[in-house]
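Notes to accompany the following structure.
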Amino acid sequence: MPLVEARGLVRIYRRGEHEIRPLDGLDIDIARGAYLALMGPSGSGKSTLLNLLAGIDRPTHGSLLIDGVDIGSLSRRALAEWRSRHVGIVFQLYNLVPVLTAYENVELPLLLHAWSRRERHRRVTTALEQVGIAHRHDHFPRQLSGGEEQRVAIARAIVTEPTLLLADEPTGDLDRTSAGAVLDLLGTLHRERQLTIVMVTHDPRAAERAEQTRHMENGRLAEVHA
């Protein structure tokens with residue numbers, strides 16, 4: 001059974017009298033433990049699909065099941081609870097809180113749950129160690145390089161031990177060396193944690209690191225490359 005099953009996904013936005021369909025009848029299955037790269041021109045629907053998978057947005061039409069849960073049918077509150085437990089997101093610009101240390105940034109998602117302080121500490125320490133940034137735990141974002149900031153962001157994304165890790169242009173703001181290190185890290189997390197990863201990228205070198213690349217055009221899948 002695929003982790004993600006989407007059928008006939010349509011997302012419609014309206015701007016005045018104009019109707020915009022970034023997704024227009026998309027079907028996709030994503031296997032549990034897959035590492036998938038999504039590519040395509042701007043406006044092809046990649047980021048819209050990522051937002052639907054994250055539970056940030058809802059489909060206008062169609063069905064979206066993740067781990068057997070029809071997330072489109074959840075209430076706003078239930079969807080927020082589901083997202084906090086099952087989805088980790090890595091953004092291009094890190095989205096770290098500048099007044100919090102690396103440790104505190106990674107701990108943030110855990111504060112939404114009833115875990116004890118000891119359990120939060122265990123999870124944060126483990127995540128920081130796994131991304132190789134534990135020695136910088138007490139540093140603020142302004143004291144870190146771009147690559148280090150993205151490592152903290154990845155630690156924050158995996159600290160809840162999510163079902164699905166979504167990465168939106170995770171190397172788009174990094175130099176080539178830092179980008180390579182981040183991609184190495186994502187590959188390690190995929191292998192060692194058996195994480196299901198969906199990555200949106202414009203960079204063919206990043207896409208090569210994934211197990212599969214799927215191209216999107218006009219809101220649908222264009223072709224599949226193993």
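Where a number appears in this text, it was derived from the coordinates with a stated rule and is not lab data. On a predicted model such as this, the values are computed, not experimentally measured, just so you know. Cβ coordinates were reconstructed from backbone atoms using ideal geometry, including for glycine residues, and neighbour counts include every protein chain displayed.
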Fill in the blank from the handout: Selection from region 192-216 of residues touching a strand residue (DSSP E or B) at 6+ places or on another chain (Cβ under 9 Å) and loosely packed, with under 14 Cβ neighbours inside 10 Å yields Pro204, Glu208
Problem - Residue ID - farthest from Leu195 (Cα to Cα), chosen from residues in region 27-40 that are out of contact with any His (no Cβ under 9 Å at 6 or more places or on another chain) and not aliphatic (A, V, I, L, M) - result: Asp27
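Report the residue count in region 158-182 for those that are of a type outside the set (A, V, I, L, M) and part of a helix (DSSP H, G or I).
Our first condition is that a residue be of a type outside the set (A, V, I, L, M); within region 158-182, this holds for 160-163, 168-173, 175-178, 180.
Those left that are additionally part of a helix (DSSP H, G or I): 176-178, 180.
The qualifying residues number 4.
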Handout entry: Within region 1-91, strands (runs of 3 or more DSSP E) holding 1 or more residues that are in contact with an Asp or Glu (Cβ under 6 Å, 6 or more places away or on another chain)
Key = 4-15, 18-30, 35-39, 61-66
Problem - Selection status of Ala34, aliphatic (A, V, I, L, M) and surrounded by fewer than 21 Cβ atoms within 10 Å (Cβ to Cβ) - result: yes
Exercise for the section: Pairs only if they're at least six apart or on different chains, beta carbon under 8 angstrom, first in region 190-213 and under 14 Å from Pro170 (Cβ atoms), second of a type in the set (Val, Ile, Thr) and not in a strand (DSSP E or B); list them, first residue then second. Expected result: Leu195/Ile158; Thr201/Thr171; Asp203/Thr171; Ala206/Thr171; Ala207/Thr201
Problem - Residue within region 112-122 that is crowded, with 18+ Cβ neighbours inside 10 Å and touching a Lys or Arg at 6+ places or on another chain (Cβ under 9 Å) present - result: no
